[in-house]
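The values are calculated or read from the model by the stated rules, or taken from the named source; none is laboratory data. Small disclaimer: the values here were computed from a predicted structure and weren't measured. Cβ sites come from the backbone with ideal geometry, for glycine too, and all protein chains shown count toward neighbours. Just so you know, the surface numbers come from the protein's heavy atoms only, side chains and all, with ligands and any DNA or RNA stripped out. Shrake-Rupley method; radii C 1.70, N 1.55, O 1.52, S 1.80 Å.
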Amino acid sequence: MMPKPGMTNFLTTDIYALTAEEYSLGRSNVEVAQLLISAGIKVIQYREKDKKAGSMYKECLLIRELTQQAGVTFIINDHIDLALLTGADGVHIGQEDLPPARVRELIGNDMILGLSTHSPAQAKAAEALGCVDYIGVGPVFATRTKKDVCEPVGFTYLEYVAQNHQLPFVAIGGIKEGNVKEVRRHGAGIVAIVTDIVGADDIPAKVQAIRQACS
């Protein structure tokens, strides 16, 4: 499969950052995106569960403009319509969302498609589909940013994916500066981090600290 627009950055980066306005110390998702970009983050996922569609659309338009100017990959969680309307680089869906093959039909072949997985069976199924570009692997640890999240899968599933699958993957769930080195040691090349970054007083300094912790 040929890399899609924005996929090159995704494949070669180290931190996959997600928005979470609830934990962002009063900063908007747009402000956080600006800080993430200034910190050298190359992949940003917009994830909001409770906002009105119109508000999310306006935010995503602004973040799309910022990320496009900076050459940053912009992924939108769940909302396929927002991804299409704002020209995002990709969309990320969960196991309970629309079937990946049907989502691929909607978004076409030039948009990145990510899928959350929580077990070896789900990883195998995702790879067999042939339409998924990368998978989320987790939650590695307990996480408070999603209300409907499953129990932590720990390192066993992470190691399984690292050793048995060619599909690019992102480790996610409760990952922070204090445990990121251990997550990397168990096979994760790219880690998704939410509250530890967006909830930091100084986002660029926190990103730098996480990268130092990985080395």
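Across the stretch 178-199, the number of residues qualifying as in a loop (DSSP other than H, G, I, E, B) and free of Cβ contacts under 8 Å to residues at least 60 places away in the same chain comes to 5. If you go through the stretch 8-57 and pick out every residue that is in contact with a strand residue (DSSP E or B) (Cβ under 6 Å, 6 or more places away or on another chain) and at pLDDT below 95, you end up with 3. Within the set 133, 110, 78, 89, the sole residue that is among the acidic types (Asp, Glu), over 21 Å from residue 157 (Cβ atoms) and open to solvent by less than 40 Å² (accessible area, probe 1.4 Å) turns out to be 89. Residue count for the stretch 157-171 under the criterion of being open to solvent by 30 Å² or more (accessible area, probe 1.4 Å) and either touching a Leu at 6+ places or on another chain (Cβ under 8 Å) or at pLDDT below 95 (or both): the result is 2. Within the stretch 189-215, the set of residues being more than 18 Å from residue 44 (Cβ to Cβ) and touching a helix residue (DSSP H, G or I) at 6+ places or on another chain (Cβ under 6 Å) comprises 213, 214.
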